[in-house]
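The values are calculated or read from the model by the stated rules, or taken from the named source; none is laboratory data. What you see is a predicted model, and the numbers here were worked out from it, not measured in a lab. Ideal geometry is used to build each Cβ from the backbone, glycine not excepted, and the neighbour counts take in all protein chains shown. Protein only, heavy atoms only, side chains kept; ligands, DNA and RNA dropped before computing areas. Shrake-Rupley method; radii C 1.70, N 1.55, O 1.52, S 1.80 Å.
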Amino acid sequence: MPEQARLPKAAWLPVLAGLSWLWLGAGHGILFTLLAALPGSLLLGSGVAQLLLAGDRRITHYLALGGLLGALLALPALFVVGFWSGLLLMGLSAASFTTAGAHALRAEPAWAGVPAPIPTLRLSAEVAADEAMLAGVVPFLPVPGQTEAARINIEMQAAREIFEEKGWFEKPASYHRAPSALASPTLRAARVRGIDYEQLSFESGFEPHADEPGRDRWLSYQANRTAHAWILRHRDADRPWLVCIHGYQMGHAGVDLLAFPPDWLHHGLGLNLAIPVLPLHGARKIGRRSGDGFLAGDILDCAHAEAQAIWDIRRMLSWVRSQSAAKIGAFGISLGGYNAALLSALDDDLACVIAGIPLVDIPEAMIWHGLLSAFSGRGFEALDADHMHQIMRVVSPLSFAPQLPVERRFLFAAVADRLVPPGQAVRLWEHWEQPRVEWYQGGHMTFRAHPSVRGLIEEALRSAALAL
């Protein structure tokens, strides 16, 4: 980790921006004063924290969020505080936003096998977008109380014994059972943002093994027992299919179709699309937000979520294959990259697999974002990295050899990814015997803005004879 400068000069910029928001926002009515206090307090607080607590990775999360909110709120501020004052707020906020990205970039460790980030204003802005996203995700992840922590600890110990006894650690493929064929799912026409698609629903049928810890709790998540997918298909039944697997906290059609744009993939490249909703996401959520439960410290729930994800996708593919003998490819981003990689190890009839900005080690990601430190003192004596990795081994893409030949495996990743450490993509690339990989000069959230990513995806699809 690069050494952090004490009293960095750049920290005075958000201090000035925060004070400007608080000063200019006062005296213009209670509503605007409260709105101005939001970016003002975030910018001032994170600026002061940079001066006094340099080195804390969370500071740039809130600095980026404050800068983003300030830049957006500066537009209505033009009509409240006056044009020049509003323009000042906009400039200071935007500059603070990119400063957050530049500071986070300087703090990024050098990852073996990852090309060095080339500092530019655009890269700083993309890193800042990742930082702002982290500010809206990490602080709100649920932390178990003491009773829940004790229960998780007991379940982990029991699971390790059972998994060892069943031989699932040695042969993780034996942990996964083949799902029954999907014959008659429910299909209904739907539309979002002018895009027509079909919503496919079916009873998942997934159940953890009879003696697995956490089985009854997992089955109690009623909404999660119904699987969903967004389907876009051409009249020609023999068009190839692409399974597009979304990332963490997605699972809503309007969001998923932004990540996998039909104008490009469906209409431009002529593909049928199947976009499954992952367990605990979208209409299957069990918490307040889509994805709650994946990174909540309950490692058995996390393992069951991954096992069910692959079960549901394989069931969905049995329905797809019953429609025609057309080729099928898999493409996932972030958490979806994890599932695409795992699917390619358990399905021997895919034409290609594309893992984009892939998460491949969930316990490592929890450590990277400081989630385990939030559990300290809550009874998590056994919840250390070794135990978590051992449990997750049965659903880790790094535990399996892919069924596809190396020339049908593709990756793309960001050199300055702040959500998924770039070293995770390197680990999958090495595990996959170093296939074609595209490293782009950007962050996690902005992969679609890079033509080289689009080029790799089209290269993968055309090399597998999927795209027009």
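Tabulated data
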{"quantity": "Those residues of the stretch 116-145 whose amide nitrogen sits under 20 Å from the label point placed on Ser220, 7 Å along Cα→Cβ", "calculated": "142-145"}
{"quantity": "Relative contact order for the chain, counting Cα pairs under 8 Å that sit 6 or more residues apart, in percent", "calculated": "15"}
{"quantity": "³J(HN,Hα), Karplus 6.51/-1.76/1.60, whole Hz, each residue of the stretch 148-156, x for Gly, Pro", "calculated": "5, 4, 5, 5, 4, 4, 5, 5, 4"}
{"quantity": "Length gained when the stretch His267-Ser318 is fully extended (0.36 nm per residue, less Cα-Cα span)", "calculated": "16.0 nm"}
{"quantity": "Whether the stretch 330-468 is rounded, prolate or oblate, judged on the alpha carbon gyration tensor where a/c under 1.5 counts as rounded", "calculated": "oblate"}
{"quantity": "FRET efficiency, 1/(1 + (r/R0)^6) with R0 56 Å, evaluated for Ser184 and Phe83 via beta carbons", "calculated": "0.35"}
{"quantity": "Potential lengthening between Arg160 and Thr33 on full extension [0.36 nm per residue; Cα-Cα distance subtracted]", "calculated": "40.3 nm"}
{"quantity": "The stretch 409-414 - phi-based ³J(HN,Hα) in whole Hz, Karplus 6.51/-1.76/1.60, Gly and Pro as x", "calculated": "10, 9, 9, 9, 8, 9"}
{"quantity": "Cα centroid separation - the stretch 65-91 against the stretch 273-293, whole Å", "calculated": "35"}
{"quantity": "Inter-probe distance in nm under a simple model that places probes 7 Å from Cα toward Cβ, at Ser201 and Asp348", "calculated": "3.6"}
{"quantity": "Per residue accessible area in Å² of the stretch 6-63, where ligands, DNA and RNA are left out and the probe is 1.4 Å", "calculated": "53"}
{"quantity": "Charge dipole (debye, nearest 20) of the chain; +1 at Cβ of Lys and Arg, -1 at Cβ of Asp and Glu", "calculated": "1160"}
{"quantity": "Rounded tilt (10° steps) of 30-52 against the dominant C-alpha axis of the chain", "calculated": "90"}
{"quantity": "Percentage relative contact order, the stretch 1-101, counting C-alpha pairs under 8 Å, at least six apart", "calculated": "31"}
{"quantity": "222 nm mean residue ellipticity, helices alone, for the chain (DSSP H n ≥ 4; -39,500 (n - 2.57); rounded to 500)", "calculated": "-14500 deg cm²/dmol"}
{"quantity": "Rounded to 10°, Cα long-axis angle of helix 58-77 versus longest principal axis of the chain", "calculated": "70"}
{"quantity": "Ranked packing of 157-163, 458-464, 16-22, most packed first, by mean Cβ within 10 Å", "calculated": "16-22, 458-464, 157-163"}
{"quantity": "Per-pair calculated FRET efficiency, R0 = 25 Å: Thr120 and Glu430 via Cβ, rounded to 0.05", "calculated": "0.30"}
{"quantity": "Angle in degrees between helix 121-137 and the longest Cα principal axis of the chain, rounded to the nearest 10", "calculated": "70"}
{"quantity": "Chain lengthening between Ala112 and Glu170 when straightened (0.36 nm per residue, less Cα-Cα)", "calculated": "18.0 nm"}
{"quantity": "In Hz, Karplus ³J(HN,Hα) per residue of the stretch 9-17 (6.51, -1.76, 1.60; θ = phi - 60°; x = Gly, Pro)", "calculated": "4, 5, 5, 5, 5, x, 4, 5, 4"}
